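The values are calculated or read from the model by the stated rules, or taken from the named source; none is laboratory data. All values derive from a computational prediction rather than experimental measurement. With ideal geometry, Cβ positions are generated from the backbone for all residues, glycine too; neighbour counts draw on all protein chains shown.
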């Protein structure tokens, strides 16, 4: 058969189950866009390429499957790189296909030429530069396998314009399977069995154990494994920001997020523990604070699919390079069998569990950090009550998905929004990219049209990609955007308050746009929660499943507490 490079790309995307891509066309990718109109694949026309990557992330983060975005060469690809880097940092599987100038023009400073392939190397899991159409038959299936095998991540495929137009002949399409690539550094079955046996022994000897879960646990299979382990071995669970959702936040085991803005109970329990079972987590700096005082007396048992994360920050007493979903059920069974013979330190652990869960109940409050003089809305209480408010419009908690931007509102959401399941709380963790929330919400809604996605943002973050209100309105998606308005870059303002003697440099807006009028200008119903008592019924209305835009005023003096200053231990937080 004979096919052009563009035909090969679109056909292989469909063979991988891709029925939607996001992007913006341009000269170097026009041949692919020309074929796209005949492919049956839906295209989402975003207004800036960065948003295309975040739309893809919204799809990937809620489904666990790879999603695809397009951009043209030069500035188009450059705009896309931020969202690719964000996906790399948070281990999100997306496939970015970029156009490139003709192969004969490479290296000549041609119009809209940039070394996308070279620039992408540090921020992708893998990058591919295709020089002929026949290579696409191998490159695209390989990209999908790489993106989802082992630790997930983004893959970029740079395709010159002439390669998209080139016609090649081949006998058959490659066979597409769901089988993942063998992880190069993965424990053998024998090693896995032995290590898990040793881990079960250590757990049964522990008196003050905690489970530390990260993004590697934030999927239904891992959550099921965690639940199975907790059913036979009771211990408190602490999460990183990316681990939120691995266990229900309203469950008895959850102490909250650990770290700079972690809960008092989570930070104290981690410090006092004698054993940390770390699953799918990488001990990042925002979580551990001062490393020498993070779980100083604890044995570290570390399970992670990425061998590079083992012993990177802490030397583990026992480690296993494996996925969490297959490891924890085995660990649970080993403990189940062992406890039939000996209960070990079960009584002591039970007392410990009660101690830390009681601390959680005593110290967790929506008044933590509240500006007592403020007469406007408490953002913590507002966020905590979103599911209840949505009920007024007939929605259930499981009907809601949440995306956030980056800043104080993000931390308030992480602390107080009741996240009940994996893949339901989408946030930019490691890279901390302002502007993530709105386009990610578009992707979330596209992948979950029967649910309502709530985008929690601030008046700083929303301006980063506010143009995507046009995309949202055009697609008429069930997204409720809630913007907290305080006239500042809130997180910067707070850090300048505590760390720079209230020298508020470039953190207070001199002019504040009328966000409600802007939303209306894009054709979206806008609601002022400060003055409209029925804001929730309108914001979450099921009728028509249309987008809504809500603003709510908060004080610039509201603080995200606890707050751990740089160089301090997590237990030495400002509360």
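The helices (runs of 4 or more DSSP H) found wholly in segment 345-400 and carrying at least 3 residues that are at pLDDT 95 or above and more than 27 Å from the chain's Cα centre (by Cα) occupy 346-363. Can we say residue 516 is under 30 Å from residue 52 (Cβ atoms), in contact (Cβ under 8 Å) with a residue 60 or more places away in the chain, surrounded by fewer than 21 Cβ atoms within 10 Å (Cβ to Cβ) and assigned by TED's automatic domain parsing to the domain that holds residue 455? No, not satisfied.
Consider segment 527-544 and keep the residues that are touching a helix residue (DSSP H, G or I) at 6+ places or on another chain (Cβ under 7 Å) and crowded, with 20+ Cβ neighbours inside 10 Å. The one that is nearest to residue 480 (Cα to Cα) is 540. Checking segment 501-513 against the condition returns no match, with no residue being outside any loop (DSSP other than H, G, I, E, B) and either under 30 Å from residue 22 (Cβ atoms) or modelled with pLDDT under 95 (or both).
Within segment 91-113, the set of residues being outside any strand (DSSP E or B) and buried (at least 20 other Cβ atoms within 10 Å of the Cβ) comprises 91, 92, 93, 101.
Here is a yes/no grid of residues against (1) touching a residue at least 40 places away in the same chain (Cβ under 8 Å); (2) assigned by TED's automatic domain parsing to the domain that holds residue 14; (3) under 26 Å from residue 222 (Cβ atoms); (4) buried (at least 17 other Cβ atoms within 10 Å of the Cβ):
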{"site": "118", "(1), (2), (3), (4)": "no, yes, no, no"}
{"site": "122", "(1), (2), (3), (4)": "no, yes, no, no"}
{"site": "129", "(1), (2), (3), (4)": "no, yes, no, yes"}
{"site": "133", "(1), (2), (3), (4)": "yes, yes, no, yes"}
{"site": "138", "(1), (2), (3), (4)": "no, yes, no, no"}
{"site": "145", "(1), (2), (3), (4)": "no, yes, yes, yes"}
{"site": "150", "(1), (2), (3), (4)": "yes, yes, yes, yes"}
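Within segment 25-41, the presence of a residue that is within 25 Å of residue 434 (Cα to Cα), within 24 Å of the chain's Cα centre (by Cα), not in a helix (DSSP H, G or I) and not assigned by TED's automatic domain parsing to the domain that holds residue 439 is excluded. Could you please let me know if residue 534 is in the same structural domain as residue 394 (by TED's automatic domain parsing) and farther than 25 Å from residue 55 by Cβ? Here the answer is yes, as residue 534 does meet what is asked.
Among the residues in segment 253-262, are any more than 27 Å from residue 406 (Cβ to Cβ) and either under 17 Å from the mean Cα position of the chain (by Cα) or assigned to a helix (DSSP H, G or I) (or both)?
Restricting attention to segment 253-262, the residues satisfying the condition of being more than 27 Å from residue 406 (Cβ to Cβ) are 253.
Subset that is either under 17 Å from the mean Cα position of the chain (by Cα) or assigned to a helix (DSSP H, G or I) (or both): none.
No: segment 253-262 contains no residue that is more than 27 Å from residue 406 (Cβ to Cβ) and either under 17 Å from the mean Cα position of the chain (by Cα) or assigned to a helix (DSSP H, G or I) (or both).
Sub-6 Å Cβ pairs linking a first residue in segment 460-480 that is under 10 Å from residue 439 (Cα atoms) to a second residue that is modelled with pLDDT of 95 or more and part of a helix (DSSP H, G or I), at least 6 apart or interchain, are 465/51; 465/438; 465/439; 468/51; 468/438; 468/439; 471/442; 472/442, ordered by first then second residue. For segment 297-321, the tally of residues that are in a loop (DSSP other than H, G, I, E, B) and either out of contact with any helix residue (DSSP H, G or I) (no Cβ under 7 Å at 6 or more places or on another chain) or modelled with pLDDT under 95 (or both) stands at 11. Selection over segment 559-568 of residues that are modelled with pLDDT of 95 or more and farther than 13 Å from residue 261 by Cβ gives a count of 0. When restricted to residues that are under 12 Å from residue 413 (Cβ atoms) and under 11 Å from the mean Cα position of the chain (by Cα), segment 429-461 contains 1. Among the residues of segment 36-51, those identified as surrounded by 18 or more Cβ atoms within 10 Å (Cβ to Cβ) and touching a residue at least 60 places away in the same chain (Cβ under 8 Å) are 44, 46, 48, 50, 51.
All told, residue 461 falls short of being surrounded by 23 or more Cβ atoms within 10 Å (Cβ to Cβ), touching a strand residue (DSSP E or B) at 6+ places or on another chain (Cβ under 7 Å) and at pLDDT 95 or above.
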